[in-house]
Every structure is written in C-alpha cells, then in structure tokens.
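**Student:** The structure follows.
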Amino acid sequence: MNIIFVLIPVGLVLLLVAIGAFFWAVRTGQFDDLDTPAVRILSDDDNRPPEGS
Amino acid sequence: MSEQVHSLTAKERFEAFDRPAVQRGFVHEVDAHNNEVTLMVDGIHCASCSLTIEKGLSGIDGLKEIHVNASTHHANLSWDPARVPLSRLMQTIADLGFNPHPLRADTRTALNIGEYRAALKRLVVAGLGMMQVMTYAVAGYAGAFEGMTTQYQQFFRLLSLLVATPIVLYAAAPFFRAAITDLSQRRVGMDVPVALAIGIAYIASVAISFFGDLRTEVYFDSVVMFTFFLSFGRFAEMLARHRTMAASEALSESIPATATRLVRGANDEWQEQEIALPQVQPGERLLVRPGETVPADGNIVWGESATDESLLTGESQPNTRRSGDQVIGGSINLTGPIHFEVSHVGPDTVLSGIARLLERAQGQRPRMALLADRVAGYFVAGVLIIATVVFLAWLALEPGRALTVTLSVLVVTCPCALSLATPAALTAATGFLARNGLLVTRGSAVETLAKADTLLLDKTGTLTRGKLKVVAVRLLDSRQNEQQCRAVAAALETGSAHPVAVALNEAPGDLVADAISVIAGRGIEGVVDGRHFRIGRADFVAELSGRKLDMAPQPGVTTVFLGDKHTPMAAFDLEDALRPETSAAIRQLRFAGLAPAILSGDTIAPVQRVADELGITDFHASLLPQDKLREMQARRAQGRTIAMVGDGINDAPVLAGADVSIAMGSGSTLAQASADLILLGGGLDRLVVGVRQSRKTRRIIRQNLIWAIVYNVVALPLAAAGLVAPWMAAIGMSASSLIVVLNALRLLGGESSKTEPSPNGRFHEHPAT
C-alpha cells in the first residue's frame with residue numbers, strides 16, 4: 001500500500017501539467033471562438049471570390 | 001453657386017482610415033511593423049462569410065494574421081503598416097461584399113475577452129481540483145468504515161488541503177473580492193454568505209487538519225464542490241451578458257467614425273475631405289451619400305432624399321427630407337446624396353439624448369435582487385450571532401466540545417441550499433429558454449416575468465414584421481397581367497434600398513431595367529424591354545400617360561403605382577403585415593393573465609388596424625420615447641407589473657424602465673442591450689413558452705426556498721444541542737444542496753415547444769462565394 005505515497009503525487013503532477021496546458025491554450029486564444037472553427041471543415045479549399053467581384 | 005462635387009471613389013473613402021489622427025482611436029500599435037485592429041464587419045450572416053473574408057485577405061502581402069469571428073462579426077487583423085495600408089485591407093473586405101467599420105480599441109471587447117479567459121481558467125481549476133478532492137474524500141470515507149490506518153488518513157487529509165488551497169485562493173477569489181467590496185460599502189450582499197461559508201469551512205478544516213484529532217471531519221470536499229458549482233453559475237451568467245454586450249457595442253457603429261466634410265475649392269466647387277467624427281464642428285457642411293448614416297444633427301442645404309429614422313421614431317416609413325429640413329444623426333440616408341449644415345454634435349444630438357434617457361431609466365429599475373440579498377444578509381447575521389451564542393454556551397458547559405459543536409452549527413446552516421435555491425433554478429430555466437429561442441440576459445428577469453400582469457407591445461417590428469410586403473396587386477388596365485407587372489416593378493426597383501423597393505423586389509424576375517433615375521419622394525423612372533415605365537406616386541405615374549388616377553388612399557396601406565406612356569397599369573398595395581404567429585400568441589398570453597396594450601410611435605391608422613385585428617382595445621399611437629415611458633410609469637403606479645416587448649431604439653428607455661423587458665432578436669441593438677430577455681426566433685410565440693416556463697421556475701424556487709428553510713430550522717437546534725456531529729452536518733448540508741439542485745434540474749426537461757428548423761437557421765452560402 002505504500003505505493004500510494006508515490007502514485008498520488010504523480011497524479012497531482014499530471015494534474016498540474018493538465019492545468020498548465022489548459023492555461024496556455026486559454027492564453028493563446030484557443031477558447032475565444034468556439035463557433036467558427038466548427039464549420040471551417042464545411043468550406044471548400046478553393047473558397048475564393050469569383051474574379052471581378 | 002456651383003453644386004459640382006468632386007466625388008470620392010470608394011478607394012479614397014477608406015484612405016481616411018490611414019491617417020494617424022483617425023487611426024489613433026482604434027488601432028493598437030504593437031511596434032512599427034505590427035499594428036492590430038478590430039473591425040466590425042457588416043454583412044456576415046453565416047460562418048462561410050467569415051471564411052470568405054479570411055481567404056480573400058490571406059494572400060495580401062503585409063497582412064500578418066486575420067481571424068474573423070462569425071458569431072460576434074468581429075475581424076481581428078494584424079498587419080505591417082510599412083508594407084500594406086489599412087485602407088487596402090478594408091477595401092478588400094468591401095470588395096468581397098462586406099462593410100467593415102473600425103471598432104474603437106477601448107471598447108469592451110478586450111475587457112470581455114480578459115474576463116472570459118479568467119473565468120474559464122477559474123472554472124477549470126475548480127472543476128479539476130474538485131475531482132481530485134472528491135477522490136480523496138471517497139477514499140477517506142471508505143477508509144473510515146474499513147479501518148484505515150491513521151497514517152493514510154492524515155495523508156489524504158493533507159492532500160485535500162494541498163489541492164483545496166489553490167482552489168480557495170484562486171478559483172474562489174472573486175467571491176471574496178465581491179464580499180469585501182460589499183462589506184466596505186456597509187451592505188451584506190449574497191457574496192458575503194458565500195465567502196463566509198467557503199472561508200470558515202476552509203479555515204476550520206485547515207485548523208482541524210493540523211490541530212484536531214482524526215475523528216473530526218474536514219470539509220475540503222464541500223468547499224471545492226461549493227466553489228465549482230457557484231463558479232459554473234457565474235460563468236453561464238457571464239456568457240449571456242457578453243452576448244448582449246456584443247450587440248450593444250454595435251450601437252456605437254450607428255454613428256460612423258468618419259464624416260465627409262465639404263470645403264469650398266479653388267474653382268468655387270465643393271471639395272470632399274474625410275475627417276474623424278470628433279473633428280466635426282457645428283456650422284460645417286457635410287456630405288452624406290446614399291446608404292450612409294447621418295453623422296450629426298443638422299439642416300439640409302442641398303439635395304433631397306428619403307431618410308430612415310426608424311432608429312429614433314420607430315416609424316415604419318422613410319421620410320422625404322429636402323433642402324431646409326432637419327436631419328437627425330443616426331438616421332440612414334436611403335436614396336440620394338445630401339449636403340447638410342451641422343447644428344449639433346456629440347452630446348447635444350437627439351441620439352445622445354435618448355441614450356441619457358435610457359441611462360436614467362436603467363437607474364430606476366426595480367431592484368428585486370436587492371431584497372433577496374437583504375434577506376440573505378439578515379440570515380447570515382442571524383447565523384453568526386447564533387453560532388457565537390452556541391460557542392459561548394458550550395464553552396461554559398463543556399469546553400472540549402465547543403469548537404466541534406460551533407462548527408456543526410456553521411456547516412449545517414451553511415447557506416448553500418439557500419443561496420443555491422434561486423440561482424440553480426434560474427440557471428436551469430435560462431438554459432431551457434435559450435434552447436427555445438429566448439435568451440435571458442439578467443437572471444432576475446425570469447422571476448419578474450412570472451409575476452407580470454400587463455404586456456406592453458410596440459407595433460412595428462414586434463407585432464408586425466417591420467418590413468413592407470406586397471399584399472395585393474390591382475390591375476388598372478384589363479390588358480395587363482399581374483406576373484408581367486410584378487416583373488417590371490421588380491426590375492425598376494432593383495438596387496434601391498427604399499423599403500418599398502425591397503418589398504417589390506422580393507421575387508425579382510429576369511427583366512432588366514436601363515436608364516433608371518430615382519426622383520426622391522416621387523418614384524423611379526426607367527426603360528424595360530425598350531418601353532418607358534414609371535413607378536411611384538399616383539400623380540408621378542399619371543403624368544407620364546396623361547391619364548388621371550383617382551384612388552382613395554386606404555389607411556395604413558401604402559399604394560405604389562406602375563404605368564407606361566399609354567396608361568397606368570397596376571397598383572401595388574403594400575403594408576407592414578402582422579407576423580404570422582402574433583395572433584395566436586396574443587390569445588395565449590391573454591389566457592395566461594397578461595393584459596395586452598399597444599404603445600406605438602406610428603400614426604393612428606396602422607395602429608388602429610393592427611389593434612382591431614388582434615382585438616386589443618388599449619392602444620396608443622404617435623408616442624415619442626418619453627411618452628411611452630410616461631404611459632408605462634402610469635401603469636406601474638397602479639401597482640401593475642409591466643412586461644414590455646419592443647424592438648426599436650425608441651423603445652429602449654421604456655424597455656430599461658419596465659419591470660421585465662423583452663427585445664426582438666431582429667430589432668435594434670440598443671433595444672437588445674437594455675432588455676432582460678431577447679426573443680431570438682423573432683416571434684411572440686416564444687414569449688408564451690417563456691411565461692409558462694418562468695411560472696414553473698417560480699414554483700420551483702419557492703419549493704427550494706421552503707425546503708432550505710425547513711432544513712435549517714430543523715437542523716440548527718439539533719446542531720446547537722450537540723446532537724449532530726460535523727460529518728453528519730456535512731452530509732446534511734450536501735444532501736440539502738443536492739436536493740435543491742436536482743429539483744431545479746427538473747426545469748431543463750419537460751415540455752419543450754416544438755420548433756421547426758427555420759430557414760435562416762440553416763447553413764447557407766453567401767452569394768459572393
């Protein structure tokens with residue numbers, strides 16, 4: 001059972017890593033717009049306006 | 001005097017935004033080679049539009065980054081001003097068929113993003129931390145029954161302390177900050193009990209962890225759970241608030257950032273200069289092109305045009321304004337270029353006056369929430385006094401148990417259930433309503449809506465579509481056919497922004513008109529298939545053929561005539577028709593006990609017609625915003641609870657002053673900003689669902705409050721008598737909170753109004769793509 005003294009701190013370290021990664025993602029604006037990227041897949045790659053418009 | 005104007009090309013129009021003096025207001029300069037700007041882009045109506053803009057600009061040399069948000073219509077650009085001017089970027093957006101406006105850098109956008117990010121981080125820290133602490137707590141509870149050695153118990157306890165500490169200090173910080181603000185202003189707000197519950201439970205748990213014996217319970221699990229639930233509620237509230245603020249931000253765009261000043265050139269002709277709005281002075285002469293917004297109040301000195309003043313008056317029809325007439329800043333110039341002399345700028349304008357009226361009305365809003373807070377304040381004060389008394393009493397009787405018993409009292413009476421009773425129900429109701437097309441922007445609105453007994457309605461845009469529609473085509477000559485007349489009318493009206501033109505052009509045929517000339521206030525002339533036509537007022541059309549047109553005007557109906565050289569051909573009757581769901585909705589609302597009344601800024605005839613159609617006897621026409629406010633206040637003075645539905649800026653002050661205000665999703669942004677609820681689907685039928693749900697919510701809030709109070713009344717004496725161990729108190733508290741939350745969750749399910757997918761809700765391609 002003594003292994004618990006190692007495993008739980010390891011879990012805590014992983015928690016810190018997860019929170020750190022999440023903070024980084026928030027800081028770089030990845031959660032600022034949750035709508036537009038969802039539909040990006042629907043657009044064609046050659047989505048350019050026709051000539052002269 | 002020559003009225004020749006050296007006209008600005010579209011390119012020159014955006015060049016004004018390259019000047020440092022103009023840019024200072026909205027461009028953020030990171031360094032010499034990196035500037036950032038946020039543009040509000042008109043014309044984005046679907047996600048593919050935002051992609052079109054991103055793709056269209058991505059090839060430009062010097063543009064570093066572009067992101068277009070389809071839901072807020074904001075485009076964030078960063079570019080190198082040495083390599084590409086801002087005007088070129090804006091021009092490219094305009095070429096794609098959209099209309100970019102710069103957003104002032106100090107607007108709330110940046111603040112909102114900051115607030116959103118901070119709240120999101122707090123919520124996730126609280127959530128992840130809660131999961132950890134719960135794991136330890138379960139292990140601890142299980143261990144207590146299985147006979148866990150003290151070594152492990154102490155270990156889990158310290159771990160919980162370790163994880164709970166950042167949650168209390170970081171995730172719960174806003175509650176403490178708000179509580180301190182409350183106390184420093186000598187009031188006891190709802191955040192005070194919350195902060196006390198978290199603070200005392202945490203500090204007591206820390207003390208027990210270090211100094212108490214192992215049989216005494218710690219409450220880290222309750223602390224983090226409480227923090228997470230409350231953070232989640234606040235987060236949802238913030239999202240709703242931001243969504244409405246984004247709408248009100250667009251209001252600042254109803255006055256343009258630049259104006260076109262006219263100055264006398266060398267050859268006695270007018271030269272155009274693009275200047276920033278704050279530079280405009282009274283007495284100056286400005287040019288307003290068709291489609292532009294009038295930047296200030298003033299008098300027309302040259303030109304004639306129809307202006308859309310619905311922003312200020314709510315009137316459905318545009319007014320013809322010619323030389324000598326007054327124009328109001330914020331109205332839209334529809335048909336022809338006009339020159340006007342500025343009379344009022346900035347805070348002296350009519351629009352600013354309405355904004356001030358709005359602010360004042362907002363200050364007078366009945367503060368239901370204050371009452372709830374005061375009650376909670378008394379409750380907390382009572383608990384603190386009782387806890388102190390209990391502590392002193394036990395200290396005298398049995399000092400060893402004093403701390404344990406006092407803690408039991410504090411925990412068992414933790415106002416969790418009480419403070420969750422209302423927010424949990426409101427959050428659940430808000431979620432249900434949002435799914436049903438009713439956006440709640442202020443939590444307390446649901447409670448007030450349930451009590452409303454008077455329903456004040458604006459006409460244009462609320463009961464009606466706010467747009468003209470062809471309701472009848474009468475042929476004036478037996479040889480004509482309706483199809484042909486409609487097609488000719490549509491061809492002639494192509495490209496005009498006048499509401500009549502928009503209505504006639506609803507189903508364009510394949511005919512094309514040439515040599516179109518617009519005669520403001522009278523009609524349009526043009527050639528279709530080699531034949532000369534006129535469309536417009538009776539006398540204007542009669543003039544062409546020389547044959548008289550005698551037709552009595554019908555009240556509330558706009559009639560437009562079409563004729564060629566030989567004869568008048570057809571009459572189109574247009575009216576602002578009722579929304580299809582209005583009738584049924586009014587009937588149901590009346591059945592639910594709301595007395596409807598119409599307050600309209602429109603003239604009496606159309607108001608009367610709509611009122612008759614709906615069977616509403618209480619109606620008032622030709623009201624100015626302050627008249628509407630007075631009507632509303634008169635009713636409130638009779639002790640009635642007012643729900644107001646409106647869509648225009650002229651409704652905004654009334655909306656702000658009503659007990660509960662509902663804005664139409666299709667309406668003006670200022671109306672939405674001052675509303676408690678927004679009908680996203682556009683029709684009043686959503687309001688029927690809203691009223692029903694709000695009453696159910698009120699019922700559940702009552703049940704919750706009664707439960708919380710009964711629980712406290714029963715538990716408090718038991719705890720004070722020392723009959724409740726702290727662990728029992730903790731379970732009791734959690735259970736009572738859980739019951740309250742589960743009861744509130746009933747609001748999420750249940751009957752949901754069956755809504756068909758609306759055609760505008762679907763993904764659709766922009767014509768430019």
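**Student:** Picking from B:A744, B:A708, which residue would you name as being in contact with a Leu (Cβ under 6 Å, 6 or more places away or on another chain) and at pLDDT 80 or above?
**Tutor:** Just a single option satisfies the conditions, and that option is B:A708.
**Student:** Condition (residue is within 12 Å of another protein chain (Cβ to nearest Cβ), β-branched (V, I, T) and in contact with a helix residue (DSSP H, G or I) (Cβ under 7 Å, 6 or more places away or on another chain)) applied to the stretch B:143-162: is it met by at least one residue?
**Tutor:** No.
**Student:** Would the stretch B:220-230 turn up any residue that is assigned to a helix (DSSP H, G or I), at pLDDT 80 or above, open to solvent by 40 Å² or more (accessible area, probe 1.4 Å) and aromatic (F, W, Y)?
**Tutor:** yes
**Student:** Let me ask something else about it. Give the stretch B:156-174 a look and list any residue that's touching a Gly at 6+ places or on another chain (Cβ under 9 Å) and hydrophobic (A, V, I, L, M, F, W, C), or say none.
**Tutor:** Across the stretch B:156-174, the qualifying residues are B:F156, B:V163, B:A164, B:I167, B:V168, B:A171, B:A172.
**Student:** Regarding the stretch B:363-386, can at least one residue be identified that is at pLDDT 80 or above and either in contact with a strand residue (DSSP E or B) (Cβ under 8 Å, 6 or more places away or on another chain) or surrounded by 14 or more Cβ atoms within 10 Å (Cβ to Cβ) (or both)?
**Tutor:** yes
**Student:** Looking only at residues in the stretch B:412-442 that are open to solvent by 10 Å² or more (accessible area, probe 1.4 Å) and more than 30 Å from B:A663 (Cα to Cα), which one is modelled with the highest pLDDT?
**Tutor:** B:L418
**Student:** Return yes or no: is B:S517 at pLDDT below 75, not in a helix (DSSP H, G or I) and not aliphatic (A, V, I, L, M)?
**Tutor:** Spelling it out, it is not the case that B:S517 is at pLDDT below 75, not in a helix (DSSP H, G or I) and not aliphatic (A, V, I, L, M).
**Student:** Moving on. Starting from residues that are of a type in the set (S, T, Y) and in a helix (DSSP H, G or I), keep the ones in the stretch B:75-133 and report whichever is modelled with the lowest pLDDT.
**Tutor:** Filtering the stretch B:75-133 for residues that are of a type in the set (S, T, Y) and in a helix (DSSP H, G or I), the one modelled with the lowest pLDDT comes out as B:T109.
**Student:** With the condition kept exactly as written, say whether any residue in the stretch B:181-188 is under 17 Å from B:F229 (Cβ atoms), modelled with pLDDT under 80 and of a type outside the set (A, V, I, L, M).
**Tutor:** no
**Student:** Additional query: List the number of the failed condition for B:L623; all other conditions in (1) farther than 24 Å from B:V691 by Cβ; (2) in a helix (DSSP H, G or I); (3) aliphatic (A, V, I, L, M) hold.
**Tutor:** (2)
**Student:** Can you tell me which residue within the stretch A:1-28, out of those that are facing chain B (nearest Cβ under 8 Å) and small (G, A, S), is least open to solvent (accessible area, probe 1.4 Å)?
**Tutor:** By that ranking, first place goes to A:G11.
**Student:** Let me ask you something else. Filtering the stretch B:560-578 down to residues that are surrounded by fewer than 19 Cβ atoms within 10 Å (Cβ to Cβ) and within 26 Å of the chain's Cα centre (by Cα), which residue is farthest from B:M664 (Cα to Cα)?
**Tutor:** The residue in question is B:A577.
**Student:** Let me ask something else about it. When the stretch B:35-74 is examined, which residues are found to be assigned to a strand (DSSP E or B) and either surrounded by 20 or more Cβ atoms within 10 Å (Cβ to Cβ) or modelled with pLDDT under 80 (or both)?
**Tutor:** Hits for the stretch B:35-74 are B:V37, B:T38, B:L39, B:M40, B:V41, B:D42, B:I66, B:V68, B:N69, B:H74.
**Student:** Need the failing condition index for B:E15 against (1) more than 14 Å from chain A (Cβ to nearest Cβ); (2) modelled with pLDDT under 75; (3) in a loop (DSSP other than H, G, I, E, B), just the number.
**Tutor:** Against the list (1) more than 14 Å from chain A (Cβ to nearest Cβ); (2) modelled with pLDDT under 75; (3) in a loop (DSSP other than H, G, I, E, B), B:E15 comes up short only on (3).
**Student:** Could you list, in sequence order, the residues of the stretch B:287-307 that are within 24 Å of B:S517 (Cα to Cα), free of Cβ contacts under 8 Å to residues at least 60 places away in the same chain and in a strand (DSSP E or B)?
**Tutor:** If the condition is that a residue be within 24 Å of B:S517 (Cα to Cα), free of Cβ contacts under 8 Å to residues at least 60 places away in the same chain and in a strand (DSSP E or B), then B:V288, B:T293, B:I300, B:V301, B:T307 are the ones that fit.
**Student:** Can you name the residue in the stretch B:711-741 that is closer than 17 Å to B:T422 by Cβ and open to solvent by 60 Å² or more (accessible area, probe 1.4 Å) and, of all such residues, is modelled with the highest pLDDT?
**Tutor:** B:I739
**Student:** Name the single residue that is most open to solvent (accessible area, probe 1.4 Å) among those in the stretch B:614-651 being of a type in the set (G, A, S) and closer than 19 Å to B:A452 by Cβ.
**Tutor:** B:A637
**Student:** If a residue must be within 26 Å of the chain's Cα centre (by Cα) and in contact (Cβ under 8 Å) with a residue 60 or more places away in the chain, how many such residues does the stretch B:333-348 contain?
**Tutor:** Residues in the stretch B:333-348 being within 26 Å of the chain's Cα centre (by Cα) and in contact (Cβ under 8 Å) with a residue 60 or more places away in the chain: 1 in total.
**Student:** Right, something else. Could you tell me which numbered condition B:L655 fails, if it satisfies all but one of (1) at pLDDT 85 or above; (2) surrounded by 24 or more Cβ atoms within 10 Å (Cβ to Cβ)?
**Tutor:** Every listed condition holds for B:L655 apart from (1).
**Student:** Just to be sure, is B:A118 away from chain A (no Cβ under 11 Å) and of a type in the set (A, V, I, L, M, F, W, C)?
**Tutor:** Here the answer is no, as B:A118 does not meet what is asked.
**Student:** Return the residue satisfying two criteria in turn: it lies in the stretch B:514-538 and is out of contact with any Asp or Glu (no Cβ under 6 Å at 6 or more places or on another chain) and within 9 Å of B:F561 (Cβ to Cβ), and of such residues it is surrounded by the fewest Cβ atoms within 10 Å (Cβ to Cβ).
**Tutor:** Among them, the one singled out is B:R537.
**Student:** If I ask for residues that are β-branched (V, I, T) and assigned to a helix (DSSP H, G or I), which ones from the stretch B:520-551 would you list?
**Tutor:** B:V541
**Student:** Out of the stretch B:625-643, which residues are of a type in the set (A, V, I, L, M) and touching a residue at least 40 places away in the same chain (Cβ under 8 Å)?
**Tutor:** B:L629, B:M632, B:I642, B:A643 - these are the residues of the stretch B:625-643 that are of a type in the set (A, V, I, L, M) and touching a residue at least 40 places away in the same chain (Cβ under 8 Å).
The values are calculated or read from the model by the stated rules, or taken from the named source; none is laboratory data. Keep in mind that what you see is a predicted model, and the values were worked out from it rather than measured. Please note: Cβ atoms are built from the backbone with ideal geometry, for glycine as well, and neighbour counts cover all protein chains shown. Note: accessible area is taken over every heavy atom of the protein model, side chains too, but ligands, DNA and RNA are not part of it. Shrake-Rupley method; radii C 1.70, N 1.55, O 1.52, S 1.80 Å.
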